[in-house]
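Structure first, commentary second.
The values are calculated or read from the model by the stated rules, or taken from the named source; none is laboratory data. If you're wondering where the values come from, they're calculated on a predicted model, not measured in any experiment. Every residue, glycine among them, receives a Cβ derived from its backbone with ideal geometry; neighbour counts consider all protein chains shown. Only protein heavy atoms, including side chains, enter the accessible area calculation; ligands, DNA and RNA are left aside. Shrake-Rupley method; radii C 1.70, N 1.55, O 1.52, S 1.80 Å.
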Amino acid sequence: RVQTSNAVSDLGRLPGANVSLTSRSGSNEFHGSAVYRFRNELVAANDWFANASGIPRGPLRLNDIAPSFGGPLRRNHTFFFLSYQHMVLRGSYISRQPVPSDDTRANAPYWIQPALNLYPEPNGPSLGNGLAAWNGSNTRPSQLDSGMARFDHALTSRISLFGRYNDSPSSNQFGAIEINRLDLRFRSLTLGLNLRPNSRWTVDLRANESQAEPQSSWTRAGQASSSGCDLGPMIPYLFPAAPSCNQLVRFSIGGVGQVVAGDEGARRQRQFQTVESTAWQKGAHTLRFGADYRRMVPIRRDATGALSAIADDITSLTDKRNLWLGSSPAIIAQTEVTELSLWAQDTWQLSSRLTITPGLRWELNPSPRADSTTFFLDPSNGNIYDGYNRPLWPVVYGNFAPRLGAAWRIRKSGSTVLRAGGGLFYDSSLSIATDLINSGPFSITQFTNGKYGIFSALLSYAFSPDLRLPRLTEWNVTLDQALGAHDVLSAGYVSSQGDGLIRREVGGPGSTVTSLFAVTTNHGTSTYQGLQVQYRRRVLQGLQSLVSYSWSHSLDDVSSDSFLVWAGPGAGVSLDHASSDFDLRHSLTAALTYEFPEHPGGLARWFGGWAIDGLLRARGG
């Protein structure tokens, strides 16, 4: 079930679209299926930039197989369902960028040549200042293996249990100059109980434990792994006290880019969630109420310390005293987030033509707990101070989020239906909690320069003392018109507004020229307006179709709560207000399915029972 706008209380705490999925369970008969999907560059267009640079079409090869099987373990009581997916993708990526020229490489000091050799050799015209162009393509593989097992057991006709386990390891590779290998594994176990004491009462209880664990490392093309030794020859010359390997090393040239070698370590997020919902039906009322408890633990485990060397430009490579050198130890930290929601709603059928659904959620979000130092901004003097054992915000018991939805059959026949809804939402505190373990995005605390001495270039996270959870309001109205017995035309309008959104501001109060703080504030705002039109044709003589079009406009002053926004001289929230980074004005999707009729003679004898599906997507830039 897909809802483009959420105005009811039981579907979750967050606004926007809601997607509800139900995994399959077994039955009293054995069933199996197998799906195979493939793609090849022979039926794909070449990349636009590759055509412009005279680069031939690269490989684009997908192989995806997904079998499943289910059936009874004990008829009418115990059932199983198993599924597996193996997907391998080889994709081509086109890169155009400046690299050190041949003359620069030949004349560079010996200690820097290993780093310069990590950049591709130029194959384009000279760009001046020791640089030349490189146009190239590379192939990066990715793979996914996903398995799921579900078991259902009926204790009685009114009590049933289920369990589901998922395990999905995957690997991806990114990068043009060197390869960033990202290995991700997601595991999840869900247990559920469904109780129906009588025809009026239903109780549903679910508990889930899940864990996501990514590991990131940087290597040269063709290497399976790296310990940072690709930049090893220059490390003793720049960092005499550091080991030549087993470090995460970043080397950057202004106007060119950076090369990275080494292991970034592991990140992990564990989550435990339990959801209970109860439904009670009496007369024209269907009451639903429940609770949602969630505990999340983000964990950071750096594999090694980090080294960084930065050259302002190519000419700075002639003398190591021109470089900015930095180092930092490995960061080992974790934090804990706890969220609790209680909700209730009533679907009340006032008449045969009018139904309303009032609801209310109560959100409790204690401040995250962490084992790291927490900094706060003092708005009275603009100073940063250490808030030892101070929570990010006090416990707030008044976060109530009301919702209201209604559906009205304008015509007695039901051919015209008007729906409307709206509500208040509170965002999650997880993104704020991760600041406590990041300690700034670069893990670099101090730079030294042979000409300018030592600079404290500290970039750390700090928090506004009056921090609170972001709030969002959303409303929608939709008109459905039946066009005969099989066709429906729907037109809707969706609007939402965010206030007090998370905005991380760098360079404002508390920051100096060499010491920057990313202060987490509630200065962010956003608005969204969208018109949605849809045509649906139910199955008639084997044909069904759906066409959806949306016009929308999203504006904000920060498009992600993970961005660092400059807030120094000449900057301000009002100056940043503009179309969102993800703003998409026009979007059209059309789908069509036709099932050939079955007849004993003619072509239908060969095509009967087969179906053909088509999908079209068109979007504005």
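Please find the FRET efficiency linking residue 582 to residue 43, where r is the Cβ-Cβ separation and R0 is fixed at 45 Å, and quote it to the nearest 0.05.
Using R0 = 45 Å, I get an efficiency of 0.95.
In nm, what is the difference between 0.36 nm times the number of residues separating residue 280 and residue 200 and their Cα-Cα distance?
Value of the extension gain: 28.3 nm.
Gap in Å between the Cα centre of the range 574-621 and the Cα centre of the range 351-369?
Each part reduced to its Cα centre gives a spacing of 35 Å.
If the only charges are +1 at each Lys and Arg Cβ and -1 at each Asp and Glu Cβ, what is the size of the charge dipole of the chain around the Cα centre, to the nearest 20 debye?
Charge dipole of the chain: 2260 debye, to the nearest 20.
With point charges of +1 on the Cβ of Lys and Arg and -1 on the Cβ of Asp and Glu, referenced to the Cα centre of the range 76-153, which listed residue (113, 126, 83) lies farthest in the positive direction of the dipole?
Sorting the options by dipole projection puts first 83.
Ignoring everything but the protein chains, give the 1.4 Å probe accessible area of residue 527 in square angstrom, nearest 10.
Per-residue accessible area (residue 527): approximately 50 Å².
Can you sort 276, 363 by solvent-accessible area, 1.4 Å probe, largest first?
276, 363
How much of the accessible area of the chain, in percent, comes from carbon and sulfur atoms when a 1.4 Å probe is used?
57
Sort out for me the Cα centre separation of the range 62-117 from the range 391-418, rounded to whole Å.
Using only Cα atoms to place each centre, the spacing works out to 42 Å.
Evaluate 2.2 N^0.38 Å with N set to the residue count of the range 171-283, then give the Cα radius of gyration divided by it.
1.88
Loop only per DSSP, at most 16 neighbouring Cβ atoms within 10 Å: give me the trypsin sites (Lys or Arg not before Pro) in the range 72-126, ordered by residue number.
Those that pass, being in a loop and sparsely packed, are 75.
Report the accessible area of residue 577, computed with a 1.4 Å probe over the heavy atoms of all protein chains in place, in Å² rounded to the nearest 10.
90
Taking chymotrypsin sites (Phe, Trp or Tyr not before Pro) as candidate sites, keep only those in a DSSP loop with at most 15 other Cβ atoms within 10 Å, then name the longest stretch of the chain containing none of them.
In the chain, the maximal stretch lacking such sites is 112-387.
On a 1.4 Å probe surface of the protein chains, which of 64, 499 comes out largest in accessible area, and what is the full order?
In descending accessible area the options line up as 499, 64.
Across the range 381-386, in residue order, what do the Karplus-derived ³J(HN,Hα) couplings come to in whole Hz, using 6.51 cos²θ - 1.76 cosθ + 1.60 with θ = phi - 60° and x for Gly and Pro?
After applying 6.51 cos²θ - 1.76 cosθ + 1.60, I find 10, x, 8, 9, 10, 7 Hz.
Please identify which residues in the range 511-548 have an amide N closer than 17 Å to a label point set 7 Å out from the Cα of residue 479, following the Cα→Cβ vector.
The answer is 530-536, whose backbone nitrogens lie closer than 17 Å to the label point.
Principal axes first, then extents: for the Cα atoms of the chain, list largest minus smallest coordinate on each axis, whole Å, largest first.
83, 72, 49
Just to verify a number: FRET efficiency for residue 103 and residue 535, C-beta to C-beta distance, R0 = 51 Å, to 0.05?
Computed FRET efficiency for residue 103 and residue 535: 0.20.
How high is the relative contact order of the chain, given as a whole-number percent (alpha carbon pairs under 8 Å, six or more residues apart)?
8
What whole-number value in Å² describes the accessible area per residue of the chain for a 1.4 Å probe?
Per residue, the chain has an accessible area of 53 Å².
Along the charge dipole of the chain, Cβ charges K/R +1 and D/E -1, which of 523, 418, 171 sits furthest on the positive end?
Of 523, 418, 171, it is 418.
First select every other residue whose beta carbon is under 9 angstrom from the beta carbon of residue 60; then total the charges, Lys and Arg +1, Asp and Glu -1.
Summing Lys/Arg as +1 and Asp/Glu as -1 gives +3.
How would 573, 35 rank on accessible area, largest to smallest, probe 1.4 Å?
Of 573, 35, the descending order of accessible area is 35, 573.
For the range 286-387, just list the percent of Cα-Cα distances falling in each 10 Å bin from zero outward, please.
Going out from 0 Å in 10 Å bins, the range 286-387 shows 11, 18, 19, 20, 13, 10, 6, 3, 0 percent.
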